[in-house]
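A short worksheet on the structure shown next.
The values are calculated or read from the model by the stated rules, or taken from the named source; none is laboratory data. Remember, it's a predicted structure, so these values are computed and weren't measured experimentally. Every residue, glycine as well, gets a Cβ built from its backbone with ideal geometry; the counts of neighbours run over all protein chains shown. For accessibility, only protein heavy atoms count, side chains too; no ligands or nucleic acids. Shrake-Rupley method; radii C 1.70, N 1.55, O 1.52, S 1.80 Å.
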Amino acid sequence: PACAQANWYLDQADKFPPRLRTTLRREAFVELTASVRSGLARYDDGKAGSDRPARLFQALSGSFGEDPEASQQLCQLFALIPPPSQPSSLIAEALDRLATTDASQRAASSPRTSFSREDSKFMALRVAEIVKTPSGAFSLSMIPDFAQLADSNAKAAPVSKERQLAPTTYLRFFGAGATASCLAHGALTPVDTLKTRLQTDPDRFDSPIAAARDILDTEGASGFLRGFGPTALGYLFAGAIAFGGTEILKRLAVSTFGPQFALTYSFPLVLACGAVSVALCCVVVAPFEKTRIRIVDAAPGYAGLSLPAALQKINQEEGLLSFFRGVPLFMVKEVPFHATKFAVFDVTSSALRSALASSAAAPANSLVVSVASGVVAGLVAAVVSQPADATFTRFNQAGFSGSSPVEAFTELLDGGGLGIGLSSRCVFGGILVALQFTLYGLLKEALHVAPGDLTLFLDALSGY
């Protein structure tokens with residue numbers, strides 16, 4: 001009865017890299033079994049005397065019962081239904097008929113002791129034995145290693161695939177990314193302000209605490225919110241492009257290169273998709289970031305200016321193209337940070353979900369996974385991109401006398417300033433990325449584009 005599903009299972013081997021084939025075939029079989037269990041659940045109402053499972057058994061026997069192996073599978077399939085719903089009498093009749101067939105004798109004379117990739121398409125025939133219990137019902141007696149595999153079925157999700165996504169779905173990805181990034185960066189403006197002050201005036205402050213006290217004493221609490229306007233608006237656009245672009249590029253890459261490539265090179269694939277999408281958003285964000293640095297640095301003529309006024313002043317003094325002079329360096333700063341955060345978050349969250357197994361889907365655990373993975377990703381990304389961040393900040397200072405990012409980098413390298421602001425940047429990066437991915441996950445759920453909303457599950461008995 002599961003011939004089409006069994007053929008599907010065999011086809012999976014061609015999609016898996018050889019070194020992972022045995023493990024992934026096991027996982028595929030668990031998913032396939034979960035699909036069968038899911039289909040059976042619709043017929044198992046748990047009521048004594050219910051004829052729903054019996055009617056299903058008869059319908060499947062009428063379609064496939066002439067094949068001894070298929071009939072054996074039917075008996076095994078319905079032995080999964082616990083009493084009192086199990087059609088025990090029909091299973092017994094089918095087993096009596098099978099007792100006289102050559103296929104049954106061959107299966108009985110060649111018991112299996114392990115699970116291997118050479119198993120036939122009707123694999124369950126050789127790894128499970130139907131046993132009649134004292135109550136008259138039937139159950140499956142599994143060989144040791146396969147019994148352990150079968151025990152995991154209760155935790156496994158059925159065979160699944162992502163449904164075809166409409167353009168409006170991608171618009172929701174863009175909207176969720178824009179909102180999450182804007183809120184996260186806006187909320188962390190005080191930390192970003194502190195980091196920028198440390199980098200623009202390292203001789204004045206010997207620690208983040210000293211810089212924070214100076215801002216509080218000279219400008220009050222509002223001094224920590226300098227640059228909020230450019231930050232919020234700039235990262236509204238950046239979040240849309242970075243998150244939405246990565247969602248599109250990941251699916252495009254899988255479609256172009258195939259699932260085997262995506263499975264084998266999952267980390268570099270996410271890294272590359274994140275890098276391309278962030279490179280695009282750098283062109284949009286660079287003008288806002290240049291303006292933010294001028295406002296936060298309190299450069300002559302910029303202290304207290306609003307975002308529109310600061311943009312206009314830079315345009316008048318340096319020209320429109322000056323906003324984009326630092327784009328290459330901005331890419332060197334942002335691409336490693338955001339590409340690393342996407343890739344590390346993807347790997348870390350996958351590992352945590354596997355460790356938590358079936359409880360990972362619970363709201364509390366899902367939140368823990370997002371926060372923990374975000375913190376790890378943010379810390380790694382902050383360290384990777386620190387030299388470029390320090391160089392970018394120095395290059396955009398009003399008092400910088402050089403003409404290129406290379407000169408800014410050389411100046412910092414000679415003066416030992418590449419690590420300035422790293423501690424506050426790690427705090428900023430860890431909290432920022434955790435906030436971004438947590439908000440992004442919550443917003444995707446609210447907009448109905450979370451993984452569960454986009455997934456189709458196989459019901460192995462959908463035609464009956």
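Surface composition of region 162-455: carbon and sulfur atoms hold 68% of the protein heavy-atom accessible area at a 1.4 Å probe. The radius of gyration of the Cα set in region 162-455, together with its Dmax, comes out at 19.6, 60 angstrom.
In the structure shown, the pairs Lys333/Lys444; Lys313/Lys341; Lys250/Lys333; Lys161/Lys333 are assessed against 31 Å; a Cα-Cα span above that value is assigned to Lys313/Lys341; Lys161/Lys333.
Per-residue packing, averaged as other Cβ atoms within 10 Å, sorts the ranges 340-346, 223-229 into the order 340-346, 223-229, beginning with the highest. Charged neighbours of Asp414, selected by a Cβ distance under 15 Å, balance to -2 (K, R count +1; D, E count -1). The residues neighbouring Ala210, those whose beta-carbon lies less than 13 Å from its own, together hold a net charge of -2 under the Lys/Arg +1, Asp/Glu -1 convention. The Cβ shell under 10 Å around Cys282 holds other residues with a net charge of -1, Lys and Arg each +1, Asp and Glu each -1.
Accessible surface for region 162-455, divided over its residues, is 43 Å² per residue with a 1.4 Å probe.
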